[in-house]
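J.: Pasting a structure below so you can have a look.
Laboratory data are not the source of any read-out in this text; all were calculated from the coordinates shown. The model shown is predicted, which means the values in this text are computed figures rather than measured ones. No Cβ is skipped: glycine too gets one built from the backbone with ideal geometry, and neighbour counts run over all protein chains shown.
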Amino acid sequence: MKKLFLGLFLLPLLSYAQLTVSTAKDNKHPFPIVSKNAMATLVYDGADEKLIEIAALLLANDIEKVTGKRPSTTTSNTSLDKNLVVIGSIGHSSFIDGLIASKKIDVSSIEGQWERFLMQTVKNPFPGVSQALVIAGSDKRGAAFGVFSLSKEIGVSPWHFWADVPAKQRDAIYVEKGKYVSTAPSVKYRGIFLNDEAPALRGWAEETFGGFNHKFYEKVFELLLRNKANYLWPAMWQPSAFADDDPENARLADEYGIVISTSHHEPLMRAHDEWDRFKGGAWNYETNKEKLQEFWRGGIERMGDYESVVTMGMRGDGDEAMSEETAVDLLKTIIEDQRKIIADVTGKPAQETPQVWAIYKEVQDYYDKGLRVDDDILVLYCDDNWGNVRILPKKEDLNHSGGYGMYYHFDFVGGPVSYRWLNVTQLERTWEQMNLSYEWGVQDLWIVNVGDLKPMELPISFFLDFAWNTDAIRAKDLPNYYVDWAKQQFGEEHAAEIAEILSLYTKYNARRTPEMLKPDTYSLFNYREAETIVDDYKNLVEKSQAIYDKLPEQYKSAFYQLVLSPVELCSNLNEMYVAAGKNALYGQQGRASTNSYGDKTKELFFKDEALTKEFHEELEDGKWNHIMAQTHIGYTSWNNPQFNKMPTVSYLQNSPRASLGYVVEQGSISRWNTTGLFSQSFSTFDPINDQHYYLEVFNQGEEALNYTFTPKDDWVKLSKSSGTVQFEEKVIVSIDWDKAPQENTTSEIKISGSGREFTVKVPFRRDIPEAIGFVENNGVISIDAAHFSEKKDTKNIHWTIVPNLGRTDSSIMVEPANAERQSPKNAPSVSYEFTVFDEAKLAVETYLSPTLNYKKNEGLKYAIAIDDEEPQIVNMHEGETQPDWEYPDWWNNSVTDHIKKKRTEHESIKPGKHTLKIWMIDPGVVFQKFVLDLGGLRPSYLGPPESKIVDNNK
């Protein structure tokens, strides 16, 4: 057990606060919250806001979890102990106001502001009191956020209930004397949307609390406050209705300081399901105006004085389009009438009630055709449901007093295929898109669809932390975010290792959602892609299991939920699909292993079920039953299947006798025939790339196969020259360059077995130019964008590496994200040196993050050139139209693959060194990778792995 010191002078914002753990003698005059001989009393004014009492009692619980000792709480001003923690909001707490009046504290820096707080140690704050730690809020939420900042620092995670994260154990808590003043939150309203919540979250809530009632929402509200959030769209899938199902829901939300709104298609504080209960008839304003107005009026009447943001406008029944045509005049009339209802019911001008209009899906058509709402209404833009923002305000529109918001997604039900099961959000992509939004003026409301809430713990933390303080999380800080989050949940010992696992498994999942995986997603032919995917996931499982085994017992449940289980589930799923892919391919090749891969697919399919059952029934004695119940295998359309369905497999009746077949990796001819041959020659070996290719022998019969490899020359190296296989075996082929001839030549390998004999050619070359930079390998050069040889910034615009962003490595973009369009002549640029071996016609495939044309102009652009050629201007959105929500092919491909590729053709180039150069034209273009095709590019999902780099300066 350790003593904990909180250095207030050093205490930054919540998610980046630093703790100093030491002994009492290391600090001269610490303030003891808990010590061997002292226990501070928590005091608050009973006349203050109800949230202050809630926060004080939760803080007392937290201190008890950490130290085993529970401090007293009191509202009395006559029985004060010598050490106090004083909690209150300015203007509502007699204690806080008294300290202000006596000039014990100065709150001028936060008074009257939105959700700010100060923490300060004060000597002799009241008669008979030696010292106090004062937590004063500019408002009730400001005070609560100060309290939960302290809770977080003493070792209580916001996820203590929702992920069973244990409190860090201390025998004492001290605060170093000083003062800390929080900054204002970057985004005014910050929250989550519980959506697509059946059967998982609903089943869990019904079993645990009896439904989405106030007992359930109390846990949600606390979680939001601990993450410094203030805003919620409640669960609304039929038959849920937040305010109607349990009247205590809305009352309790107001006590907790949570601002309630309704989702993008639920006007005037009415849940969608309430319309059926109301029995109002057709959801059609042209034919049923009076009933709809009566319905909406009831929503505003029920809202009363509860702090709310009222959703405006109207979509069709069940979150559909309101009409086939864009009825601008009708929607304008609807909003005008809704504002009249608000003014009439509240008895005050409509602009005094916060309102929001969501530009979701087809509603953007109204906006694009010129519909604008009253200046006080917050305009809520939306992403495309896949994490790509659709539109941002123009700079000339930033004087809109109602401000702008963004509705973002970590979960979605819809095309091309829903994703609901596990966390598939890459934090770096969320950072890039929300940073883009913020810098373009979207600073008033951030709301994110989190589906069932679990298992979205990590991205929820990140989204809300970033919304609280965008300045505190820049691109360079992203790797440390994982580390800090891991420390908060599991302590420091394994934090770096856990951070790496978190950053990689979310990267892997973001390549393609589990629901969209197919047996042929990853190439079984080229670049060892499928087997690398499987091995990468398995490596994460091994690392996760090793950490799990070492962790103290109290951390194992949380680690299982937040790390091991999602990694294990996704590893198993990817392996299952690759096994199904091999079953199909090997069946075509007549391999004896075909049936074993059918069996393997079945085994892994049922392992998925077993892992889910373990989560539901064994974890925390069944606490989380139902929470992982989303189906995720066997999608045939956008909508989830009723049950998980295993991929189709087939079985063969092979010949009893062994029969030899083989496959050449990187073979010069990419085909196979009924004899099992893929190619009669390897691609060319060279001394710079020093290729190690495999030659795979496989059996087409039931009895074991004996095989022999006989190289023609001793400089052809084999990892194995003979063997016996039931199914298949890979033998690695390479060149011993010390023994190999000095001239270009071709050797051979004879393959013998089961009475068959084949010859595979092994060509190599030495006549290659001096290499520098990225080196060609058989007609391909692959470059990760962050590995430039040179970059040039300008006075006001600079390139930024976003670590880990993208499908394979890191990405680059320019900042600020709202920079003006540039011409290539004066724009920031990056260069990449590369070497080609032969004269060749060159094409470049530029891999871009699937950013949408948020400017709504002709498209976002960049420039590209090889050597001194005239730069080509590339429009990454050329030929695209903004999604009309009939899911056009270009958009389906973009969000399915999480990448956009732009191919440019260039002049033929000579052997030797060359330079690829990229110029920024528009901000918002994110470069992940460049693939130079010199005629050797092979199909794959992720593209070829990065080429070898030669640095002649080393």
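J.: Run down the lysines and flag those whose C-alpha is under 27 Å from the C-alpha of K289, throwing out any fewer than 8 positions away in its chain.
T.: Qualifying lysines at Cα under 27 Å: K279, K332, K340, K348, K361, K369.
J.: Okay, next question. For segment 558-615, what is the per residue volume of the convex hull drawn over the alpha-carbon atoms, in cubic angstrom?
T.: Here the figure is 52 Å³ per residue.
J.: While we're on this one: What's the local net charge at I797, with K and R +1, D and E -1, over the other residues with C-beta under 13 Å away?
T.: Local charge sum for I797: -1.
J.: Order by neighbour count: H272, H400, fewest other Cβ atoms within 10 Å first, most last.
T.: The most exposed by this proxy come first: H400, H272.
J.: Determine which aspartates and glutamates satisfy two conditions relative to K538: a Cα distance under 17 Å, and not lying fewer than 8 residues away in the same chain.
T.: Within the straight-line cut-off, K538 pairs with E497, E500, E529, D549, E568, E575, E603, D608.
J.: Shifting gears a bit: Quick one: Kirkwood hydrodynamic radius for the chain, alpha-carbon pairs, angstrom, one decimal?
T.: This gives a value of 31.0 Å.
J.: At a Cα cut-off below 14 Å, give the aspartates and glutamates reachable from K795, other chains included and same-chain residues fewer than 8 away excluded.
T.: E815, E820
J.: While we're here: Using only the alpha-carbon atoms, how far is helix 594-613 inclined from the longest principal axis of the chain? Give it as 0 to 90 degrees, nearest 10.
T.: On a 0 to 90 degree scale, this one is about 10.
J.: Indicate, rounded to the nearest 5 percent, the antiparallel portion of the DSSP beta bridges found entirely in the chain.
T.: Rounded to the nearest five, the antiparallel share is 65 percent.
J.: Related question: Can you give the extra length, in nm with one decimal, that the chain gains between W890 and N61 once fully stretched, where that is 0.36 nm per residue apart less the Cα-Cα distance? Show your work: numbers first, answer last.
T.: Values: separation 829, 0.36 × 829 = 298.44 nm, distance 5.30 nm.
Taking W890 through N61 to full extension adds about 293.1 nm, to one decimal.
J.: Apply the Kirkwood formula to segment 585-726: the hydrodynamic radius equals the inverse of the mean of 1/r over all pairs of different alpha-carbon atoms; give it in Å with one decimal.
T.: Mean inverse Cα-Cα distance, inverted, gives 19.0 Å.
J.: Could you give the length gained on full extension between Q726 and D171, defined as 0.36 nm per residue of separation minus the Cα-Cα distance, in nm?
T.: 193.6 nm
J.: For an R0 of 56 angstrom, estimate the FRET efficiency from the Cβ-Cβ distance between D477 and N284 and round to the nearest 0.05.
T.: 0.65
J.: Would you kindly compute the Cα radius of gyration of segment 773-950 and its largest Cα-Cα separation (Dmax), both in Å?
T.: My reading of the Cα-based Rg and Dmax gives 15.8, 48 Å.
J.: Further question on the same structure: With each run of n ≥ 4 DSSP H residues scored as -39500 (n - 2.57), what mean residue ellipticity at 222 nm is computed for the chain after dividing by its residue count and rounding to the nearest 500 deg cm²/dmol?
T.: Helix contribution divided over all residues of the chain: -8500 deg cm²/dmol.
J.: Same structure again: Do any of K861/K902; K50/K82; K791/K900; K739/K910; K556/K602; K841/K901 go past 21 Å between their Cα atoms, and which?
T.: Numbers: K861/K902 11 Å; K50/K82 25 Å; K791/K900 23 Å; K739/K910 30 Å; K556/K602 29 Å; K841/K901 19 Å.
From K861/K902; K50/K82; K791/K900; K739/K910; K556/K602; K841/K901, over 21 Å: K50/K82; K791/K900; K739/K910; K556/K602.
J.: A further question on this structure: If we sort 191-201, 582-592, 825-835 on the protection proxy, mean other Cβ atoms within 10 Å, highest first, what's the order?
T.: The densest-packed peptide leads the list: 191-201, 582-592, 825-835.
J.: What relative contact order, as a whole-number percentage, does segment 660-764 give when Cα pairs under 8 Å and 6 or more residues apart are counted? Each step should come with its number before you reach the end.
T.: Details: 238 pairs, mean separation 30.6, N = 105.
The normalised contact order for segment 660-764 reaches 29 percent.
J.: Here is a follow-up. With each pseudo-label sitting 7 Å past Cα toward Cβ, what's the D535-S76 distance in nm, one decimal?
T.: Between D535 and S76, the simple spin-label model gives 7.1 nm.
J.: Right, next: If you average the sequence gap of Cα pairs under 8 Å that are 6 or more apart and divide by the length of the chain, what percent do you get for the contact order?
T.: 9
J.: Could I ask something else about it? Using the alpha-carbon atoms, what tilt in degrees (0 to 90, nearest 10) does helix 140-154 show relative to the longest principal axis of the chain?
T.: Helix 140-154 sits at roughly 50 degrees to that axis.
J.: Expected output is a single nm value to one decimal: the length gained when fully extending between A546 and K613, i.e. 0.36 nm times separation in residues minus the C-alpha distance. What is it?
T.: Working: separation 67, 0.36 × 67 = 24.12 nm, distance 2.22 nm.
Taking A546 through K613 to full extension adds about 21.9 nm, to one decimal.
J.: Can I ask one more? Once R0 is set to 22 Å, what does the formula 1/(1 + (r/R0)^6) return for the Cβ-Cβ distance between Q742 and D713, expressed as a FRET efficiency to the nearest 0.05?
T.: Working from the Cβ atoms, E equals 0.95.
J.: Against the longest principal axis of the chain, how steep is helix 495-511, in degrees 0 to 90 to the nearest 10, with axes from Cα atoms?
T.: 70
J.: Under a crude label model (7 Å from the Cα following the beta-carbon direction), how far is D838 from Q588 in nanometres?
T.: 2.7
J.: Sort 447-456, 256-265 by packing, meaning the average of other beta carbons within 10 Å per residue, with the highest value first.
T.: Descending packing order for the listed peptides: 447-456, 256-265.
J.: Another question, if that's okay. log10 I(q)/I(0), Debye, Cα-only segment 479-599, no solvent, q = 0.10, 0.11 Å⁻¹?
T.: Per q value, in the given order, log10 I(q)/I(0) is -0.37, -0.44.
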